[in-house]
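Step one of this worksheet: look at the structure below.
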Amino acid sequence: MFAMDLSATVLCCTPSYAAYLGERMKELGYGPDDIPLKAGIFGAEAWSEEMRKDIEKTLGIKAFDIYGLTELSGPGVAFECSAQSGMHINEDHFIAEIIDPDTEEVLPEGSVGELVFTAVDKEAFPMIRYRTKDICKLTREKCSCGRTHIKMAKPMGRSDDMLIIRGVNVFPSQIETVLMNNGYAANYQIIVDRVNNTDTFDVQVEMTPEMFTDNIGEIEARQRKLSDDLKAMLGIKAKVSLLAPKSIARSEGKAVRVVDKRKI
Ligand SMILES: [Zn+2]
């Protein structure tokens, strides 16, 4: 076991991986008292309070949230403190603002909007009023830990269409590019769910009338090819299902490309 062999006291990974480790530990017959872990720092994907409680119980640790983005410093933009009620932003390095994503107007403290950062001491790669596309809110309310740095809430969503699947940023447009390159039309649906704390990622795409066949071998080969191309583009594996032409419901308005069933 990772933590036993190395006597690690802190674990840093995605929350879904921590939950997986907890499950695996249980399967192997270990309890929280068998490992020296005391705390965990988890980020890079959305996670709920329920998931926090679950991880804390199975691993016997305190689980803290962390926020960062590659363009600023990677991890290390904001951390949770002992109060576990939002993340203090490292304001000696980053100035945070909340704006209205449509008008770009700066909103008063406590408003929900898009998080914008200016890096104060970054060199060579300046970041001035960088729009994160993350929707959240900021507060200067006194924190029980004594720190006075502004706190950000867990991001509540995105102002663009980016999905975060198993900690990886996925844009529907990337999937569409792969489908088009393989000769498919834009009749597809991306279905994301969370089963046993792990994101599932399904891509359903209609065959064109020209490629339509009932030859299972041919269909499976096409599915594998798409799955490989998606993995090369996104870095994660998708379950691809080819459907008969016209089997995805057509929408009268905006096409429903993404069905995110995760309850976070
Ligand atoms: Zn605090």
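The values are calculated or read from the model by the stated rules, or taken from the named source; none is laboratory data. None of these values were measured; they are calculated from a predicted model. Note that we place each Cβ from the backbone using ideal geometry, even for glycine, and neighbour counts take in every protein chain shown.
Before moving on, here are some points about what is shown:
- Cβ-Cβ under 9 Å pairs, at least 6 apart or on other chains, segment 77-105 side under 16 Å from residue 147 (Cα atoms) and touching a residue at least 60 places away in the same chain (Cβ under 8 Å), far side away from the ligand (no atom under 16 Å from the Cβ) and in a strand (DSSP E or B): 78/68; 78/94; 89/95; 89/117
- Segment 216-244 residues that are under 16 Å from residue 185 (Cα atoms), paired with ones that are small (Gly, Ala, Ser) and assigned to a strand (DSSP E or B) (beta carbon under 8 Å, 6 or more apart): 223/241
- Residue list for segment 53-76, filter: among the charged types (D, E, K, R) and more than 16 Å from the ligand (Cβ to nearest atom): 53, 54, 56, 57, 71
- Test: residue in segment 205-218 that is loosely packed, with under 13 Cβ neighbours inside 10 Å and hydrophobic (A, V, I, L, M, F, W, C): yes
- Test: residue in segment 198-206 that is over 21 Å from the mean Cα position of the chain (by Cα) and more than 21 Å from residue 257 (Cβ to Cβ): no
- Filter result (in contact with a Lys or Arg (Cβ under 9 Å, 6 or more places away or on another chain) and either surrounded by fewer than 17 Cβ atoms within 10 Å (Cβ to Cβ) or at pLDDT 95 or above (or both)) within segment 51-63: 56, 60, 61, 62, 63
- For segment 36-131, the strands (runs of 3 or more DSSP E) that sit wholly inside it and include 1 or more residues that are acidic (Asp, Glu) are 62-69, 74-80, 94-99, 113-119.
- Any hit, segment 168-190, residues being surrounded by 13 or more Cβ atoms within 10 Å (Cβ to Cβ) and within 30 Å of residue 83 (Cα to Cα): yes
- Of everything listed in (1) at pLDDT 95 or above; (2) under 20 Å from residue 40 (Cβ atoms); (3) of a type outside the set (Gly, Ala, Ser), the single unmet condition for residue 155 is (1).
- One residue from 123, 141, 176 being charged (D, E, K, R) and closer than 21 Å to residue 249 by Cβ: 176
- Residues of segment 77-117 that are among the aromatic types (Phe, Trp, Tyr) and within 16 Å of the ligand (Cβ to nearest atom): 79 alone.
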